[in-house]
Amino acid sequence: MNVSRKKGPLYLQIKKILKDRILHGVYPLEANIPSEPQLENEFEVSKITVRNAINELVLEGYLEKKSGKGTKVIRNTSASKLSKGKRFTEVLVEEGHKIQKQLLKAEIISNQEGSEPYRLFGEHCFRIERLYRLDGVPYIHFTHYLDSRCIKGTDPSDLSVQSLYDLIEEQDISLEKFRDGFAVAIAPSSVAEILRVKERTSLLKRSRYSYDEAGDVIEYSEGYYNTDMQHYIVNFDR
């Protein structure tokens, strides 16, 4: 995987990619990540660049380095300022599952008059479609709608390896609140096909509104979950 100096310090880009892999179970808890030479070859960077990325994750408590024993994953959950609850994907990873993200589309679209994206963002917005696989099988389809200013200067390829919310906050937009709504709904035929379910199958639908400090909606998303594979779990810490 290539990284580019145009996107900022190389070690920070590699750090984000490695962290994403940890949070999604690609590198399981208590397992070693690839060796430094392997990562140097993958990203085509110097030893010091890889080492700096790893040291950042060590300082944040995700990795532990032991001489002669490699670098081990010791934490696979992120700290969320929006909730004490664990993210759904983190719960699945803790249970030993592997989550893989796939970017399907990232484009400016014209919103249909009367639709929720039209009400929130007007005639045009940026739409991102993502597929999450659970242990290799299509499980969740997300469609995110954002004001196009939120991803100004962002390379769409970044969306395949980094958290969307991290990218938004890199634009100096602070997300202060989420509001989630759940319903049983029939997925669009295109989504049903991607999730490999029969047309007009009822699925769990999650609608999310993400707000900034001023209370404005920054992102609206719709997610369809094939709960026949895995129930949706909410896990709160006291």
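Neighbours of Asp228 by Cβ distance under 13 Å: Lys/Arg scored +1, Asp/Glu scored -1, total +2. Computed from label points 7 Å out along Cα-Cβ, the spacing between Ser207 and Ile186 is 1.8 nm. The stretch between Glu113 and Arg51, if pulled fully straight at 0.36 nm per residue, gains 17.2 nm over its current Cα-Cα span.
Legend: calculated FRET efficiency, His124 to Lys69, from the Cβ-Cβ distance at R0 = 41 Å, rounded to 0.05, equals 0.20. Here the label points at Glu176 and Lys6, each 7 Å from Cα along the C-beta direction, are separated by 3.6 nm in the simple model. The charge dipole of the chain, taken about its Cα centre with unit charges on the Cβ of Lys, Arg, Asp and Glu (plus for the first two, minus for the last two), comes to roughly 640 debye. Evaluated over the Cα positions of the range 1-77, the convex hull gives a direction-averaged projected area, one quarter of its surface, of 4.7 nm². In this structure Asp172 has an accessible area near 150 Å², from a 1.4 Å probe over the protein heavy atoms. Exposure here means at most 16 other Cβ atoms within 10 Å; with GluC sites (Glu not before Pro) in a DSSP loop as sites, the longest stretch of the chain lacking them is 124-169.
Using a simple spin-label model with points 7 Å from Cα along the Cα→Cβ vector, what separation in nm is obtained for Lys105 and Arg196? Taking the two extended label points, one gets 2.2 nm.
The values are calculated or read from the model by the stated rules, or taken from the named source; none is laboratory data. The model shown is predicted, which means the values in this text are computed figures rather than measured ones. Note that each Cβ is placed from the backbone with ideal geometry, even for glycine, and that neighbours are counted across all protein chains shown. Protein only, heavy atoms only, side chains kept; ligands, DNA and RNA dropped before computing areas. Shrake-Rupley method; radii C 1.70, N 1.55, O 1.52, S 1.80 Å.
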